[in-house]
């Protein structure tokens, strides 16, 4: 495409300016987002602690924080958008899977099956999630502000070693506890005959979900371990390329 | 993709491993050589990739050393593509599965539905029609694989056959289970709906076949030349005026017809997934047409006229 050299450099400068404004806007939005999410999960943590201190029991704790939890956990869907438009350099699929599994736990298990809301396993995964998210979002916030304290970095890349398996245990125990209620109520299920000629059994779907933790959890866990080695110890990991 | 560049001049050639950069071999004052490794029969030419850049594209069989951008010592990078399997084998396997699997559900082979239904047939005539259409579709695909298609690449990675067969066979079983179920509900608008669906289905099957034949005729046997496809005397190919990959357009149409005919959500889902995959392929093909041909007709879209 023939164009004079002058036009070329002017266009280049314009494009560079556009890129710079775009990335300034992106950084501003991401900083705001991460501060807001850190605050949100801090609020959740404090609400949970306050409830337990005041009431001395975990029964009813979920109900008291349900709305805040639903709001902040659902809002995390925008993170998939961040990856999709490229302002965050993570795989869309990985983020998508992580956010969707959280949404699933909140909306399709805990929110819809009231009988399991007083289970201890719910408190377990809520505590784990809260600790993980506060660490993660404050890590992102400080990174964006270029002032990352070492202890936040340490926390993000070390706490998961315990928290991740604990969270999985909490989630699996909750789903398991929900199974009899799902079976009895036949919720979210569709039986033949119907005009769409399809059937769906939520009970068996949940069993498949539980089984899927077996291949998925080790993969994510070892991915985090590899990240940890790279970030904390500067080890160069040769990734298998296809 | 096999890669054995013919070398017709006096140069030195060295070949390095793409990952470790170890020197695998060095040829001094090359005259006429086809480069491929014959030491280990495990490394047949189809799985050898020779390229100018470790992360770049493979060189083709027809590439001549003289015309490559290399200095007096040409450095090539070798990469093992892994076990390969021929396209024809993959296609035949992945298409025979749905044919057989659907028929097993149609004839209500034991252990699928309740025992009292074993070897019975559905009382709805649309179920028989659906079986005929589904089987026709896959028989057509098998015959096209054997007699019509001309493949650019001989082989693909072995793991693809597991991935592809899981997709085709899995979906075929899922669809067939509901269509041939004793509790199947026929389409809501009855005969009208089924008739319209059948017309759409047949129209698109003929269209799809016409495109395959037109594409085959673009390329004389044994050659790998690439040309722009144009409409022929066959009216079904006139869609080339508006679309780069009308075979995918007709394929989508066929499955929409089948969805309408069976009124079955799994079929709709299969159509959707197939459409997404074909759109990805069509966009890629369209892009490579645009890159390769300066005079590519501007009115054409990848898969849906004016839209996509």
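The values are calculated or read from the model by the stated rules, or taken from the named source; none is laboratory data. No experiment lies behind these values; they were computed from the predicted model shown. Glycine gets a Cβ as well: all are built from the backbone with ideal geometry, and neighbour counts include every protein chain shown.
Return yes or no: is residue B:262 within 14 Å of chain A (Cβ to nearest Cβ) and either modelled with pLDDT under 95 or closer than 30 Å to residue B:128 by Cβ (or both)? Considered against the rule, which asks whether it is within 14 Å of chain A (Cβ to nearest Cβ) and either modelled with pLDDT under 95 or closer than 30 Å to residue B:128 by Cβ (or both), residue B:262 comes out as yes. A residue that is farther than 23 Å from residue B:148 by Cβ, within 19 Å of the chain's Cα centre (by Cα) and surrounded by fewer than 21 Cβ atoms within 10 Å (Cβ to Cβ) cannot be found anywhere in segment B:227-234.
Scanning segment B:278-303 for residues that are surrounded by fewer than 13 Cβ atoms within 10 Å (Cβ to Cβ), part of a helix (DSSP H, G or I) and more than 17 Å from the chain's Cα centre (by Cα) yields a total of 3. Among the residues of segment A:145-168, is any within 14 Å of another protein chain (Cβ to nearest Cβ) and over 30 Å from residue A:119 (Cβ atoms)? No, segment A:145-168 contains no residue that is within 14 Å of another protein chain (Cβ to nearest Cβ) and over 30 Å from residue A:119 (Cβ atoms).
Within segment A:135-147, track down each residue that is free of Cβ contacts under 8 Å to residues at least 24 places away in the same chain and either under 23 Å from residue A:220 (Cβ atoms) or in contact with a strand residue (DSSP E or B) (Cβ under 8 Å, 6 or more places away or on another chain) (or both).
Selection gives A:136, A:139, A:143.
Against the conditions (1) assigned to a helix (DSSP H, G or I); (2) within 14 Å of chain A (Cβ to nearest Cβ), residue B:181 satisfies every one except (1).
Pull up segment A:190-211, narrow it to residues that are over 18 Å from residue A:115 (Cα atoms), touching a helix residue (DSSP H, G or I) at 6+ places or on another chain (Cβ under 7 Å) and more than 14 Å from every other protein chain (Cβ to nearest Cβ), then point me to the one that is surrounded by the most Cβ atoms within 10 Å (Cβ to Cβ). Break it down stepwise before answering.
If we filter segment A:190-211 for residues that are over 18 Å from residue A:115 (Cα atoms), which is where we start, we get A:190-201, A:204-205, A:207-211.
Within this subset, residues satisfying the condition of being touching a helix residue (DSSP H, G or I) at 6+ places or on another chain (Cβ under 7 Å) are A:196-198, A:209-210.
Retained after the next criterion (residues that are more than 14 Å from every other protein chain (Cβ to nearest Cβ)): A:209-210.
Working: A:209: 18, A:210: 14.
My answer is A:209.
For segment A:37-86, the set of residues classified as assigned to a loop (DSSP other than H, G, I, E, B) and without any contact (Cβ under 8 Å) to a residue 40 or more places away in the chain consists of A:56, A:57, A:76, A:77, A:86, listed by residue number.
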